[in-house]
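What follows draws every value from the coordinates through simple rules; no lab data is involved. If you're wondering where the values come from, they're calculated on a predicted model, not measured in any experiment. Cβ coordinates were reconstructed from backbone atoms using ideal geometry, including for glycine residues, and neighbour counts include every protein chain displayed.
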Amino acid sequence: MQLMQHDLKKYWSRNLKYLLVLLSIWFAASYGAGILFADQLNTIKMGGFKLGFWFAQQGSIYVFVILILVYVRLMNKLDKEFDVDEK
């Protein structure tokens, strides 16, 4: 089914909103936790490593993979809502 122009704008608007929110979370996890708040987080240990170091080395990658899975789920729901999903 072809999307009408109005529906197309709504679809892309929601898609961009999802992207902005998810990339902001990733930015906060990687830059914020790994760099800005590293000294405060280094007072906490996780698996024998300081938490700030862990976020800089591993945590932001894990957060990114989880956010990819969340994005796939959100986009599948959005595609179904606008009837452009793969059937």
Legend entry - Net charge of neighbours whose Cβ lies under 11 Å from the Cβ of LYS10, counting Lys and Arg as +1 and Asp and Glu as -1: +1
Legend entry - Residues whose placed amide H lies under 5 Å from that of MET46, excluding near-sequence neighbours: LEU51
Legend entry - Cross-link table LYS17/LYS87; LYS10/LYS87; LYS45/LYS77, entries beyond 32 Å C-alpha to C-alpha: LYS45/LYS77
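What net charge is computed for the residues neighbouring LEU51, neighbours being all others with C-beta under 14 Å from the C-beta of LEU51, Lys and Arg scored +1, Asp and Glu -1?
Working: positive: LYS45, LYS50; negative: ASP39.
Cβ neighbours under 14 Å give a net charge of +1.
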Legend entry - Degrees separating the helix 5-27 axis from the principal Cα axis of the chain, which is the longest one: 10
Legend entry - Residue (of SER24, VAL72, GLN40) at the positive-pole extreme of the chain, dipole from beta-carbon charges: GLN40
Inset, instruction - Report, in degrees rounded to the nearest 10, the 0 to 90 angle that the Cα long axis of helix 60-81 makes with the longest principal axis of the chain. - result: 20
Inset, instruction - Rounded to the nearest 500, what is the 222 nm mean residue ellipticity of the chain from helices alone, with -39500 (n - 2.57) per DSSP H run of 4+ residues and division by all residues? - result: -19500 deg cm²/dmol
